[in-house]
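**Q** First, the structure itself, so that you have it in front of you.
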Amino acid sequence: MTSKASGSRVNLLIRGGYVLTMDSAGDIPGGDVLIRDGVIHAIGRNLEAPEAELIDARGKIVLPGLVDTHWHMWNTLLRGMSDGRPVPDEANPQCYYPDRSGYFATCVGLGTHFLPGDTYAGTRLAAAEAIDSGITTVHDWAHNIRGLDWAEAGLRALRESGLRARFSYGYATGHQNDRLMALDDLRKIASTWPEYEAGGRIQLGMAWRGTGGSNPAMHVPPSLYTEEIAAARALGLPVSVHACGPALAAGQLQTYAAAGLLGPDLQVVHLNNASPAEIALAATAGTPASVSPWTELQIGYGQPVTGELLAAGLPVGLSVDTTMLSGNADMFGIMKVTHACANGQARHEFALTPRDVLRLATIEGARTLGLDAITGSLAVGKRADLIAVSLDAPSLGVPTEPARLLVTAATPRDVDLVIADGRILKRDRVVTALEVPEVIGTARAALTGVLSRAGV
Ligand SMILES: [Zn+2]
């Protein structure tokens, strides 16, 4: 289907909001943002632009679109299924988890039965939720690419959504540990990238297994994982890796540091179990981190370590990770739990302020993806990725400290307006970029097919 988000841009004047620029301009109460040709053309008060469509933002907080930094969007099709379902052995020879339950077992047990249309349906459902939640940049950590058709399906869903994205080309869930990931397919996609990049809105990266990542059943030989990251770097692609799980975390960062693999182009996800010495190594190398508080807590990796990472000097972004565990992609909830955990751990009311956390969900998240010159704050010349949050709900109501309201009180239902790359994706609290009922219907049908083929 044709995406409504791919329509032409209009010039927009967003008038009279409380503008939180998250940039050197600070806050501008009663401020205007003028968007021309997908770019932030001016920010200030009483701007004039007769040719622009006027959007009334009075009584609303206008801020940069929220930035997710790691999300397995395909498995949104399996939302809420991390407790697992019995999967017959014969149907899933690669489902090698003794208790056949839990997130990883379900991910492999059902993920091996995905067809390209299921990846499309799952990614599109995730994208619709992202838009509804005020997220304008996603990092799609695609770790169920079972062939080029699956990669193209995920990319099509991203392209049609209108979101800004990094698409990290990964492996197939259940991919054998002693086999290289499909590097030739990655090279093929990279060589024809202009066909996929949606005018520069989508960036290509690699989702790397590393020594075994977060999956307790994976132990990848060094000869393979070094060849894989070398291939990504030869293509000039940014890389992301999981480094977590109590059983596997010890020494992962140390291993990468010793091999000279850490650096600003290698995002590391979940550092809950890294030692202070390892975190220092990552900081020295300029390695950025992604923290997904809900899933880290729910799967038992331990408390998110946001405060420690920031104190060590790592660039930090926040992430959804997977709605199989987290349930939803509510970045407001992610900010709230990040804030609460950091202050609780530090036993200090202001270890992190709401504004600190809002930075992680906007400009700092963009920085971890290498996109901070393009998005993550409201500044003239940047691409127009912004949202407006209404204060009309009973759970908000009073215009007090805007950053604290956003981090502790706002929810996706309060997101009134979402603009990515200058195009309106949600307006008057309704997602306009996609036909949501059709997206949901397609996802339901796809899940029925996956479960049927899996024999459950
Ligand atoms: Zn993950």
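The values are calculated or read from the model by the stated rules, or taken from the named source; none is laboratory data. Just so we're clear, the structure is a prediction, and the values are computed from it rather than from any experiment. With ideal geometry, Cβ positions are generated from the backbone for all residues, glycine too; neighbour counts draw on all protein chains shown. Quick note on the areas: whole protein, heavy atoms, side chains included, nothing else; ligands and nucleic acids left out. Shrake-Rupley method; radii C 1.70, N 1.55, O 1.52, S 1.80 Å.
**Q** Rank-order 374-384, 348-358 by packing density, defined as the average count of other C-beta atoms within 10 Å over each peptide's residues, highest first.
**A** Numbers: 374-384: 21.3, 348-358: 17.4.
Result, highest mean Cβ count within 10 Å first: 374-384, 348-358.
**Q** Segment 108-148: percent of C-alpha pairs farther apart than 13 Å?
**A** 58 percent
**Q** Keeping all protein chains in the complex and leaving out DNA, RNA and ligands, what accessible area do you get for His143 with a 1.4 Å probe, in Å² to the nearest 10?
**A** Its accessible surface works out to 20 Å², give or take rounding.
**Q** Here's something else I'd like to know. Count charges around Gln298 for me, please; just the other residues with Cβ under 13 Å from its Cβ, Lys/Arg as +1, Asp/Glu as -1.
**A** -3
**Q** Which angle from 0 to 90°, rounded to the nearest 10, does the C-alpha axis of helix 276-285 make with the longest principal axis of the chain?
**A** Between helix and principal axis, roughly 70 degrees.
**Q** Something else now. Which semi-axes, in whole Å and largest first, does the equivalent ellipsoid of segment 228-350 have when worked out from the alpha carbon gyration tensor as the square roots of 5 times its eigenvalues?
**A** Three semi-axes, in Å: 24, 17, 13.
**Q** What residues have an amide H closer than 5 Å to that of Tyr169, excluding those fewer than 5 places away on the same chain, when H is modeled at 1.01 Å from N in the peptide plane?
**A** Excluding prolines and chain starts, which carry no amide H, the hits are Gly205, Met206, Ala207.
**Q** Per residue of segment 156-168, in order, report the coupling 6.51 cos²θ - 1.76 cosθ + 1.60 (Karplus, θ = phi - 60°) as ³J(HN,Hα) in whole Hz, putting x for Gly and Pro.
**A** So the J values, rounded to whole Hz, are 5, 4, 5, 4, 5, 6, x, 6, 7, 8, 9, 9, 8.
**Q** Another question about this same structure. Could you work out the local net charge near Val269, counting Lys and Arg as +1, Asp and Glu as -1, over the other residues with Cβ closer than 10 Å to its Cβ?
**A** Working: positive: none; negative: Glu296, Asp321.
Every neighbour counted, the sum reads -2.
**Q** Also: Express the carbon and sulfur contribution to the solvent-accessible surface of the chain as a percent, rounded to the nearest whole number, probe 1.4 angstrom.
**A** That share works out to 55 percent.
**Q** Here is a follow-up. Over the chain, with the other protein chains present, what is the accessible area per residue in square angstrom, probe 1.4 angstrom?
**A** 35 Å²
**Q** Can you list, bin by bin at 20 Å, the percent of alpha carbon pairs in the chain, starting at 0?
**A** Spelled out bin by bin, the chain gives 27, 59, 14, 0 percent.
**Q** In addition: Along the charge dipole of segment 192-341, pointing to its positive end and built from +1/-1 on Cβ of Lys, Arg, Asp and Glu, which listed residue (Ala285, Ile229, Leu297) has its Cα farthest out?
**A** So the residue we want is Leu297.
**Q** If the viscosity is 0.890 mPa s and the temperature 25 °C, what Stokes-Einstein diffusion coefficient in µm²/s follows for segment 372-452 when Rh is the Kirkwood radius over Cα pairs?
**A** Working: Rh = 15.1 Å.
Approximately 162 µm²/s, per Stokes-Einstein.
**Q** Going toward the positive end of the dipole of the chain, with +1 on Lys and Arg Cβ and -1 on Asp and Glu Cβ, which of Pro264, Ile363, Ala42 do you reach last?
**A** Working it through, the farthest residue towards the positive pole turns out to be Ala42.
**Q** Per DSSP H run of n ≥ 4, the term is -39500 (n - 2.57); total these for the chain, divide by its residue number, and report the mean residue ellipticity at 222 nm rounded to 500 deg cm²/dmol. Intermediate values should be presented prior to the final figure.
**A** Details: 15 runs with 152 residues, N = 456.
It comes out at -10000 deg cm²/dmol, rounded to the nearest 500.
**Q** From the mean inverse distance of alpha carbon pairs (Kirkwood) and the Cα radius of gyration, derive Rg over Rh for segment 410-456.
**A** For segment 410-456, the value is 1.21.
**Q** Determine the principal axes of the Cα atoms in segment 277-435, then give the extent along each, sorted from largest to smallest and rounded to whole angstroms.
**A** Result for segment 277-435: principal-axis Cα extents of 48, 35, 33 Å.
**Q** Now for a separate question. Answer with one residue from Leu110, Leu155, Val431: the one whose Cα lies farthest towards the positive end of the charge dipole of the chain, charges on Cβ with Lys, Arg +1 and Asp, Glu -1.
**A** Farthest towards the positive end: Val431.
**Q** Continuing with this model, one more query. Normalised by the empirical 2.2 N^0.38 Å for globular proteins, what value does the Cα Rg of segment 125-185 take?
**A** Expressed relative to 2.2 N^0.38 Å, the Cα Rg reads 1.23.
**Q** While we're looking at this one, here's another question. Check which residues have an amide H placed less than 5 Å from His143's amide H, if you skip close sequence neighbours.
**A** Excluding prolines and chain starts, which carry no amide H, there are no hits.
**Q** Quick one: check the C-alpha center-to-center distance for segment 158-191 versus segment 385-426, whole angstrom.
**A** Computed from Cα coordinates, the inter-centre distance equals 33 Å.
**Q** Where nothing but the Cβ of Lys and Arg (+1) and of Asp and Glu (-1) is charged, how large is the charge dipole of the chain around its Cα centre, in debye to the nearest 20?
**A** Working: 37 positive and 46 negative charges, 51 e Å.
So the dipole magnitude of the chain works out to roughly 240 debye.
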